[in-house]
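Single-structure report; data block below.
The values are calculated or read from the model by the stated rules, or taken from the named source; none is laboratory data. Only a predicted model underlies this, so the values are computations on that prediction, with no experimental measurement involved. Cβ: placed from backbone, ideal geometry, glycine included. Neighbour counts: every protein chain shown. These accessible areas exclude ligands, DNA and RNA; they are computed on the full protein's heavy atoms, side chains included. Shrake-Rupley method; radii C 1.70, N 1.55, O 1.52, S 1.80 Å.
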Amino acid sequence: MSKGVLPLPAAPVDLARRSDRLAYARQVLETEAQALHVVAQRLGESFAEATEVLYACRGRVGVTGTGKSADVARKLAGTLNSTGTCAYFLDATAAVHGDLGMVGPEDVVLLFSHSGESDEIVRLLEPLATLAQCRIGITGREDSTLAQRADIAIVLGPLTEACPLGLAPSTSTTAMLALGDALAFVLCRMRGFTKSDFARYHPAGTLGRRLMRVEAVMRRGQQLRLAHQHDTVRRVFAASGRRGRRTGAVMLVDDQGKLSGLFTDSDLARLIEQRRDDALDRPIAEVMTREPVTIRAGCFLEEAVEILRRRKISELPVVDAEGRPIGLVDITDVIALLPQQEAREIEAAA
């Protein structure tokens, strides 16, 4: 037994052994996975019709449900918002007490109810007929009130709950959750929603950091060390000392102002260690790294991170469309923006 873990209470004999519990857990997952396959095969024209209505919607998409279906509805509203379809969660109970005022005449409302008979959902059908443009019901029963009275009904069909009592919503909520994702992602593809669009809606958190543009973190202006490739090593380093964040690399340019090479503090240290003092008064072009790895302005930070990791480098010049240096991504700045584990991996690689 692991230190600090309390002993389990007595379990039914059929799950007394750890191997039995693992086997049963796998059975639950397989049951729900099989249900998704069945629901996928049952999808028909009503699903396609629903996507067309949602795509043409000029208002917002309201999503509602009760109990566990409300949790599914809330999650789908978030997924729709983050993938290009403006949506909101409509609390079914609050809706019949005034929150129906948030529904606009050009809105489409998705109503989740596995039984199709949830009292709060059924009570919403009549007022929504005049308040919204279209009502789309998502239910497990074709003969339910929701399926019969909605403008479009997506019917999952009969499903066996994975709960050992056959009562707790499990397989049914998994199926509704997956169906909601299917709707959202079909719409995402129909709208031509791109990674750049996705980034605009996720400015925070780890995902937001990875979807930042390199311009958001690169060093620029007075923070850069720029010199001409014909300058001597001594002159370059004598002139590149400035206040503020100091990069560990000098970016060298040619007569056209295009990046031609890179020379780092480590390169200078090696010259001194090798007693190549004569090189200090020679053009830096003779000892610089020619055609260094670069990244174009406008690229995502995650691309820069991958280059730093794969090439095991600490500085990555950022260039414009003509190849002129406009910034530099320094590994120390990237590390500060990443989770600790990922930061340690990059540091180790560099």
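Kindly indicate whether any position in region 10-25 is part of a strand (DSSP E or B) and of a type outside the set (Phe, Trp, Tyr). Taking every residue of region 10-25 in turn, none turns out to be part of a strand (DSSP E or B) and of a type outside the set (Phe, Trp, Tyr).
Residues that are over 18 Å from LEU128 (Cβ atoms) and in contact (Cβ under 8 Å) with a residue 12 or more places away in the chain within region 47-67 comprise PHE47, THR51, TYR55, GLY67, listed in sequence order. For region 157-179, the candidate set comprises residues that are more than 18 Å from ALA92 (Cβ to Cβ) and either within 28 Å of the chain's Cα centre (by Cα) or among the acidic types (Asp, Glu) (or both); within that set, the residue that is surrounded by the fewest Cβ atoms within 10 Å (Cβ to Cβ) is ALA178.
So which residues in region 258-290 are hydroxyl-bearing (Ser, Thr, Tyr) and surrounded by 16 or more Cβ atoms within 10 Å (Cβ to Cβ), if there are any at all? Passing the criteria: SER260, THR264.
Checking each residue in region 140-165 for being out of contact with any strand residue (DSSP E or B) (no Cβ under 6 Å at 6 or more places or on another chain) and not hydrophobic (A, V, I, L, M, F, W, C) picks out GLY140, ARG141, ASP143, SER144, THR145, GLN148, ARG149, GLY157, PRO158, THR160, GLU161, PRO164. Inspection of region 170-179 finds no residue satisfying the criterion of being of a type outside the set (Phe, Trp, Tyr), outside any helix (DSSP H, G or I) and under 16 Å from VAL108 (Cβ atoms).
If the condition is being modelled with pLDDT under 80, farther than 24 Å from ILE331 by Cβ and open to solvent by less than 70 Å² (accessible area, probe 1.4 Å), then region 195-232 contributes SER196, ASP197, PHE198. Taking region 291-314 as the range and being open to solvent by 30 Å² or more (accessible area, probe 1.4 Å) and either in contact with a Ser or Thr (Cβ under 7 Å, 6 or more places away or on another chain) or in a helix (DSSP H, G or I) (or both) as the test, the residues that pass are GLU302, GLU303, GLU306, ARG309, ARG310, ARG311. Residues of region 40-78 that are β-branched (Val, Ile, Thr) and modelled with pLDDT of 95 or more: THR51, VAL53, VAL61, VAL63, THR64, VAL72. Residues that are open to solvent by less than 40 Å² (accessible area, probe 1.4 Å), without any contact (Cβ under 8 Å) to a residue 40 or more places away in the chain and among the basic types (Lys, Arg) do occur in region 131-138, at least one of them.
Can we say SER266 is polar (S, T, N, Q) and either free of Cβ contacts under 8 Å to residues at least 24 places away in the same chain or part of a loop (DSSP other than H, G, I, E, B) (or both)? When the stated conditions are applied, SER266 passes them. When HIS97, HIS37 are checked against the criterion of being open to solvent by 10 Å² or more (accessible area, probe 1.4 Å), outside any helix (DSSP H, G or I) and not β-branched (Val, Ile, Thr), a single residue qualifies: HIS97.
Scanning region 10-46 for residues that are among the acidic types (Asp, Glu) and farther than 28 Å from CYS134 by Cβ turns up ASP14, ASP20, GLU30, GLU32. For region 102-117, residues that are open to solvent by 30 Å² or more (accessible area, probe 1.4 Å) and touching a Leu at 6+ places or on another chain (Cβ under 9 Å) total 5. For region 293-330, how many residues are in contact with a helix residue (DSSP H, G or I) (Cβ under 7 Å, 6 or more places away or on another chain) and of a type in the set (Ser, Thr, Tyr)? Residues flagged as in contact with a helix residue (DSSP H, G or I) (Cβ under 7 Å, 6 or more places away or on another chain) and of a type in the set (Ser, Thr, Tyr) within region 293-330 amount to 1. Looking at LEU337, LEU301, LEU328, just one residue is modelled with pLDDT of 85 or more and out of contact with any Asp or Glu (no Cβ under 7 Å at 6 or more places or on another chain), and that residue is LEU301. When region 51-90 is limited to residues that are surrounded by 17 or more Cβ atoms within 10 Å (Cβ to Cβ) and in a loop (DSSP other than H, G, I, E, B), the one that is farthest from the chain's Cα centre (by Cα) turns out to be THR66. Tallying residues that are of a type in the set (D, E, K, R) and over 19 Å from PHE185 (Cβ atoms) within region 32-44 yields 1.
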